[in-house]
Amino acid sequence: MTDLHINGCDWYLPTNKTNHRTDAFDNSALILRRGQPFTITLYLNRPLQSGENVVFTTETGPSPSEEKKTRTTFSLFESTRQKSWSSILTSSNSNALTLAINSPPDAPIGYYILSVSKNTGSTQQVAPQAVGGFYLLFNPWSHGDDVFLADENERQEYVLNERGVIFTGSETEVLAMTWYFNQFEKSILEICFAILDRSIEFQNDPGSDVSHRNDPLYVCRVLNATLNSKDENGVLVENWSGFYNDGVSPTSWNGSSVILKNWYFSGYTPVKYGQCWVYGGVLCTVLRSLGIPTRVITNFNSAQDKNANLYIDIVYDNRGSSKESMQDLMWNFHVWNEAWFIRKDLAPAYSGWQVMDATPLEKSDGIYRCGPAPLVAIKEGDVDLKYDVAFMFASVNADMSSWIHYSDGTKKRISNDTKYIGKYISTKAVGSDGQLDVTNSYKYPEGSLEERQVFEKAVNKLLESPFVEIEKKLLYFRKRGEQKPRSGEILSGMFSLPQVPSLGQDINMILTLQNLTAGNIQVTVNMTSSSILYTGRHKYEIWADAKIVPLGPREDINISIPLTYAQYKNYMGEDNLIRMTALCEVVGTEERILVEKDIVLVKPPITIKCPDQTTVKSAFQAQIIITNTLSETMDSCYLLFEGGGLIDGVIRKDLPPLQPGQRTEVILTITPFKSGGKTVIATFSCDKIKNIKSYHNITVAP
């Protein structure tokens, strides 16, 4: 009798990929989700004889082993086992066997090789014959998978949606940025596994690392570290300097795929440069590609608590200028991710959304990464749990204390704001581009009894930690003060803007001071204006002034503070942020109040005019209008156009100089090649300002 051989295998690519919801991948390989059967037909060189059986072997990783569950052997006619690899015969015809193979819901994700051999029941070993390979991913549709997500609309949004919205700006002016995740684009899946293979864990022990890829907690923690370049030459280099000449400005990116491909096809050279929303967008792409439900989160007034005391200490000199030596930072906004899975290492209550931050800010277990921290643990103040709950708790719930550092070395705390940190924590709504406020998932309402109790609980847990020095305990862990940032017992103050400030125009700020007493007072007002980064870090001092203001009983006064374009234009970064500060001292008293306002300068407008609906392969015209609102000529002008499924790659159009007040129009013909919700992105740059973006959403029917 001739030896049994496999002449061919039908993988039923379209059917299997549709059933496993992987048909969106631009990839010729079979891509499957674990815990769900798939169908193949084996074509044998002869029919199976009595007593013969077919034995399958699945292997993944560089050194597969049964002990590590990266190698499994199972026979055709064994009974179906939900917790292990198994197969059942669905039909046979002469030399063809059609069967359903099922993977366990906790199998390691990765690229698998399927081999087949003959089992005659004897002790003689028959060398298996490899018949092909497939990718195995996490499965949010499988009840047995740790990433199971019950709501189909949420699965469509957090796993299958290739386009998202990331919120930026400030708590008073929230901006929506379209971001293309493109998790199913060509080569992206291979790149995701390449990122895992570049991790420190894989380099130290490949076999152990691959075997742990069955656990979404492990995979998230590894990817969280490897997306930044700090420890293992990962994907992205961080840069907040404002100087990006040897790379790409973070504000230039509109999606993840070009970053991932630049890293992969350059031989794993870290890509320059990223900031928090870039890290959030790229991590979302990678996790969704691997099958882990993921969303991007923005926290406004986000604390970076470097000394882990739950207080953000902002220090000023006696002129009201912030000191660069300060440890802690308060970001206008900060972006991170949440991923959905079961926490088997913790109590069941901590399963669900897990918070992680791929931006390299602090080390965790000796490596730059943060999380995954259970969202429930952050809300409940369980800062002793894994991973990095205390850091994330401070990001949304720290106190912000303002101090004056006098020239004689003394310090005075002038305010303690318990409600400023952690505002409008937001993500894209399911099924729309709207803003979903998830603040109540992170903390109880500010000022409520529950919020007070949780904060005290968090403080007490930190006090119990052996890592907190006695000095920190004595100096920092005090009762929270009342919120008095802009008002004292004698004096109150506030900044206001009569009109929306535009980049290129003069700004007129009004400082209103009010005497709260029945007597006459004199106030020394030290005013500064500085350009800042969205991280809150001071960049340049633009202007400073001081004056003495007399105030009669109960009198209030408006002080006009002009700031001309000529004064600030050379100091602006891409964030277009100016911080106005007034340190007000009532002469002859201990009264000090600090009045502060961040101004977001509105960029010159770009308008996109094109249809809201169209169909695949139906060409349409997009009209883009740019107006120069600056008081000087824009030179070296150009437009970039992008749009997944609408435009292949990036189109650049160079433009002539734009005089003040002048506008120009560009007409672009676009032919959609993919259906679904799509976005045209237009990015304008010139010598005076970089990366002004505009978006237009289009629904493309098949």
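The values are calculated or read from the model by the stated rules, or taken from the named source; none is laboratory data. Quick caveat: nothing in here was measured; it's all calculated off a predicted structure. No Cβ is skipped: glycine too gets one built from the backbone with ideal geometry, and neighbour counts run over all protein chains shown. All accessible areas refer to the heavy atoms of the entire protein, side chains included, with ligands and DNA or RNA removed. Shrake-Rupley method; radii C 1.70, N 1.55, O 1.52, S 1.80 Å.
Overview of values
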| item | result |
| --- | --- |
| Volume of the Cα convex hull of segment 546-664, divided per residue and given in Å³ | 202 |
| Accessible surface, 1.4 Å probe, highest first, among residues Leu463, Leu449, Leu223 | Leu449, Leu463, Leu223 |
| Three-way shape label, segment 1-58, alpha-carbon gyration tensor, a/c 1.5 | prolate |
| Nitroxide proxy distance, nm - points 7 Å out along Cα→Cβ at Arg537 and Val587 | 4.0 |
| In nm, spacing of pseudo-spin labels at Thr607 and Trp240 (7 Å Cα→C-beta vector) | 3.8 |
| Ala130/Ala347 FRET efficiency (R0 51 Å; Cβ-Cβ; nearest 0.05) | 0.70 |
| Simple Cβ-charge dipole of the chain, Lys/Arg +1 and Asp/Glu -1, about Cα centre, in debye nearest 20 | 640 |
| Chain lengthening between Tyr111 and Gln662 when straightened (0.36 nm per residue, less Cα-Cα) | 192.8 nm |
| For segment 74-218: accessible area per residue (Å², 1.4 Å) | 40 |
| Over the chain: helical MRE at 222 nm, DSSP H runs n ≥ 4 each giving -39500 (n - 2.57), nearest 500 | -4500 deg cm²/dmol |
| Area of Asp408 that stays accessible when all protein chains are in place (1.4 Å probe, Å², to 10) | 120 |
| Angle in degrees between helix 276-290 and the longest Cα principal axis of the chain, rounded to the nearest 10 | 20 |
| Residue (of Asn161, Leu513, Tyr387) at the positive-pole extreme of the chain, dipole from beta-carbon charges | Asn161 |
| FRET efficiency for Asn95 and Gln156, using Cβ-Cβ distance with R0 set to 41 Å, rounded to 0.05 | 0.50 |
| Over the chain, relative contact order from alpha-carbon pairs under 8 Å, at least 6 apart, % | 8 |
| Ile88-Leu436 FRET efficiency (beta carbon distance; Förster radius 35 Å; 0.05 resolution) | 0.20 |
| Ranking by accessible area, most exposed first, for Cys9, Cys686 with a 1.4 Å probe | Cys9, Cys686 |
| Where trypsin sites (Lys or Arg not before Pro) fall in DSSP loop in segment 322-408, at most 13 other Cβ within 10 Å | Lys323, Lys344 |
| Over the chain: Kirkwood hydrodynamic radius from C-alpha pairwise inverse distances, Å | 28.3 |
| Net charge dipole size for segment 119-189 [Lys, Arg +1 and Asp, Glu -1 on Cβ; Debye, nearest 20] | 500 |
| Segment 54-60 - phi-based ³J(HN,Hα) in whole Hz, Karplus 6.51/-1.76/1.60, Gly and Pro as x | 9, 10, 9, 10, 10, 9, 9 |
